[in-house]
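The values are calculated or read from the model by the stated rules, or taken from the named source; none is laboratory data. Treat the numbers as computed from the prediction; the structure is a model and nothing was measured. FYI the Cβ positions are ideal-geometry reconstructions off the backbone, even for glycines, and counts take in every protein chain you see.
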Number of protein chains: 2
Amino acid sequence: MHGFLIVLSGPSGAGKNSVMNAVFPTIPNLKYSISVTTRPPRVGEVDEVNYFFRSEQEFDQMIKDDLLLESANFVGYRYGTPKSFVYDQIHAGNAVIMDIDIQGAAQIRKKMPEAVFVFLLPPTPEELSKRLKLRGSDSDEVIKRRLAKSYEEIKHIVDYDYYIVNDDLGRAADQLRQIICSEWSRVSRIDMKELKGVWEGGFSGETCE
Amino acid sequence: MHGFLIVLSGPSGAGKNSVMNAVFPTIPNLKYSISVTTRPPRVGEVDEVNYFFRSEQEFDQMIKDDLLLESANFVGYRYGTPKSFVYDQIHAGNAVIMDIDIQGAAQIRKKMPEAVFVFLLPPTPEELSKRLKLRGSDSDEVIKRRLAKSYEEIKHIVDYDYYIVNDDLGRAADQLRQIICSEWSRVSRIDMKELKGVWEGGFSGETCE
């Protein structure tokens with residue numbers, strides 16, 4: 001039985017991190033995707049735990065060798081998702097989850113269309129506005145612009161497999177858990193070459209642990 | 001938001017009825033598919049509740065008019081699944097579930113490939129044999145033949161979307177519930193023509209009620 005990649009997207013303010021963090025303790029075989037970055041480590045950050053810290057040249061080489069599922073620039077540094085980490089986990093039978101914006105998800109969809117794409121929605125534009133204001137990191141002007149383009153972002157939902165409305169953190173987390181667990185019971189994750197042996201030796205019912 | 005059809009198959013003795021019956025009370029919007037039959041009603045059976053009771057001629061006409069998703073003969077009577085009941089429920093936003101053998105599921109797959117196909121497995125051949133003996137309705141000879149062909153049946157799992165191992169009734173029912181609820185959060189069930197209105201009016205997070 002092999003695992004799979006879950007890509008969680010949605011407008012900023014939808015609550016991607018809170019929902020993911022609520023799900024982690026409930027699924028032992030769920031791992032967070034570790035990114036590669038050219039940003040220097042902050043105090044306490046450990047290579048291969050928080051990030052794979054790499055030089056500009058190393059990052060360039062990874063792109064050249066097609067070793068990244070996606071990459072982006074952010075305030076002068078580069079970030080990406082190494083294929084090797086994701087595939088190693090999947091082959092070890094784990095599910096890997098990452099939260100990423102709509103542009104990053106589109107890059108991943110091209111390289112790994114078999115991943116599971118989940119779109120997280122705030123319940124209403126008003127609620128999204130309230131959350132962005134509470135966060136306090138954006139000016140009123142920026143919030144206004146974000147809201148104006150929120151419908152443009154939400155249109156991308158058509159490219160995703162599942163959607164979750166984050167009207168209540170506990171409920172939304174439960175729904176993400178259901179999606180992950182039911183994806184684990186997909187027939188496509190059984191190795192058909194081993195079906196006879198598995199049937200004679202006994203199928204395991206535990207698909208989400 | 002529209003519903004969908006769930007087709008539950010598996011070898012006899014897998015426990016399809018027990019698992020379904022455990023799930024019904026937990027999902028109010030889940031309905032059992034009502035079959036049409038030429039068998040006369042038994043005492044207490046009500047037309048359009050237990051079955052749609054129809055004459056041979058009416059049954060023939062339904063087949064001619066392509067009004068059935070599948071049909072089969074069983075000890076001299078005919079049974080079928082009327083499209084109208086299934087589609088009415090789906091358009092009303094309900095999920096419809098039915099348990100059916102592998103041959104019936106194959107008929108439905110041709111007419112309604114968008115249905116959700118779930119295969120229920122007993123954990124081991126030994127456990128299947130034990131259950132069939134406990135049931136007491138088959139002779140040792142019949143049970144022996146059933147077991148001999150169980151692997152042939154299980155090979156059909158490749159045609160299904162999900163599988164559930166019924167090693168424990170509570171766990172298997174919980175897994176079926178997860179599959180139904182996560183299928184309800186599929187983006188493909190959103191009416192995209194209404195997306196803007198839904199976003200402005202507010203998305204509902206309740207997908208499994």
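Counting only helices (runs of 4 or more DSSP H) that sit completely within segment B:99-209, those holding 2 or more residues that are within 24 Å of the chain's Cα centre (by Cα) correspond to B:102-111, B:125-135, B:140-148, B:150-154, B:169-184. Close Cβ contacts (under 7 Å, 6 or more residues apart or on different chains) running from residues in segment A:63-86 that are in a loop (DSSP other than H, G, I, E, B) to residues that are of a type in the set (Gly, Ala, Ser) comprise A:Leu67/A:Ser84. When we screen B:Ile90, B:Ile97, B:Ile154 for residues that are under 24 Å from B:Thr38 (Cα atoms) and of a type in the set (A, V, I, L, M, F, W, C), the only hit is B:Ile97.
For segment A:1-27, which residues satisfy the criterion of being buried (at least 19 other Cβ atoms within 10 Å of the Cβ), over 12 Å from the mean Cα position of the chain (by Cα) and closer than 18 Å to A:Ala72 by Cβ? Hit for segment A:1-27 is A:Pro11, nothing else. Output the number of residues of segment A:28-48 satisfying the condition of being under 17 Å from the mean Cα position of the chain (by Cα), over 15 Å from A:Arg78 (Cα atoms) and modelled with pLDDT of 95 or more. Total satisfying the criteria: 4.
A quick yes/no check of all residues on (1) among the hydroxyl-bearing types (Ser, Thr, Tyr); (2) under 14 Å from B:Gly15 (Cβ atoms); (3) touching a helix residue (DSSP H, G or I) at 6+ places or on another chain (Cβ under 7 Å):
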residue	(1), (2), (3)
B:Arg131	no, yes, no
B:Arg146	no, no, yes
B:Val158	no, no, yes
B:Ile164	no, yes, yes
B:Leu169	no, yes, yes
B:Leu176	no, yes, yes
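Across segment B:120-135, not a single residue is classified as more than 8 Å from chain A (Cβ to nearest Cβ), closer than 30 Å to A:Arg171 by Cα and modelled with pLDDT under 85. Cβ contacts < 8 Å: first residue more than 7 Å from every other protein chain (Cβ to nearest Cβ) and within 20 Å of B:Val118 (Cβ to Cβ), restricted to segment B:181-192; second residue among the β-branched types (Val, Ile, Thr) and not in a helix (DSSP H, G or I), any location; separation 6+ or different chain. Result? Pairs found: B:Glu183/B:Ile6; B:Glu183/B:Val116; B:Trp184/B:Thr207. Scanning segment B:26-51 for residues that are more than 20 Å from B:Gly3 (Cβ to Cβ), touching a residue at least 12 places away in the same chain (Cβ under 8 Å) and outside any loop (DSSP other than H, G, I, E, B) turns up B:Val36, B:Thr37, B:Tyr51.
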